[in-house]
Amino acid sequence: MRTSVLWAVFGSVLFTSCLKKNSGCSYSVDKVVAPSGEQQLVKNYLDSVGIKTAVLDSNGFYYQIVTPGTGLSPDPCSQVTVSYEGQLTSGAIFDQESDVVFTLGSLIDGWREGLPLIQGGGEIKLYIPPSLGYGANGNAEIPANSILIFNISLIDVQ
């Protein structure tokens, strides 16, 4: 009897130690890749404005790391504090915020893939093709199928 109780206790301890802890985060990395035609449109834009230092990411957006930062790198479940400016290729600014907090996984694919390229305290410029931005969903500020340009300062990562 005592042996059975010991085995039951041992088994329950072993079982509960193997349970995955639920962090409450349901975001994951989906690895959306922009079609080659959209990648070419971004490349054409960069060439037309003389930007030669932007790097093509494997997901199909281009980026320039202004400052790499020295803090933590975000993951999809991170709370990120950022200051940013979003503009269209026409130069029109469609959004800007300072010291705003987001969960990285809740943002557009271009941000989810681009922000982890820097660490807290870093700055990055993203050139995002439509499928990694808002795609065919336009609104008053952003026409459908727009290339988006973001200047982002990653202030903090939690």
Result of the Cβ filter at 9 Å on segment 132-145, keeping first residues that are closer than 9 Å to residue 94 by Cβ and at pLDDT 95 or above and partners that are surrounded by 12 or more Cβ atoms within 10 Å (Cβ to Cβ) and aromatic (Phe, Trp, Tyr), at least 6 apart or interchain, is 142/94; 142/134
Boolean, residue 51 is assigned to a strand (DSSP E or B) and of a type in the set (Val, Ile, Thr): no
May I ask you to verify whether residue 98 is loosely packed, with under 14 Cβ neighbours inside 10 Å, out of contact with any helix residue (DSSP H, G or I) (no Cβ under 9 Å at 6 or more places or on another chain) and part of a loop (DSSP other than H, G, I, E, B)? no
Does residue 74 fit the bill of being assigned to a loop (DSSP other than H, G, I, E, B), buried (at least 17 other Cβ atoms within 10 Å of the Cβ) and on the phi < 0 side of the Ramachandran plot?
yes
Within segment 1-25, the count of residues that are outside any helix (DSSP H, G or I) and either surrounded by 10 or more Cβ atoms within 10 Å (Cβ to Cβ) or at pLDDT 95 or above (or both) comes to 1
How many residues of segment 107-123 are closer than 11 Å to residue 150 by Cβ, surrounded by fewer than 24 Cβ atoms within 10 Å (Cβ to Cβ) and in contact with a Gly (Cβ under 7 Å, 6 or more places away or on another chain)? The answer is 1
Condition met for residue 151 (more than 14 Å from residue 60 (Cβ to Cβ), without any contact (Cβ under 8 Å) to a residue 12 or more places away in the chain and out of contact with any His (no Cβ under 7 Å at 6 or more places or on another chain)) = no
Test: residue in segment 43-53 that is within 19 Å of the chain's Cα centre (by Cα) and either modelled with pLDDT under 95 or crowded, with 17+ Cβ neighbours inside 10 Å (or both): no
Residues of segment 77-95 being touching a residue at least 60 places away in the same chain (Cβ under 8 Å), outside any strand (DSSP E or B) and more than 15 Å from residue 150 (Cβ to Cβ), in sequence order, are 78
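The values are calculated or read from the model by the stated rules, or taken from the named source; none is laboratory data. Small disclaimer: the values here were computed from a predicted structure and weren't measured. FYI the Cβ positions are ideal-geometry reconstructions off the backbone, even for glycines, and counts take in every protein chain you see.
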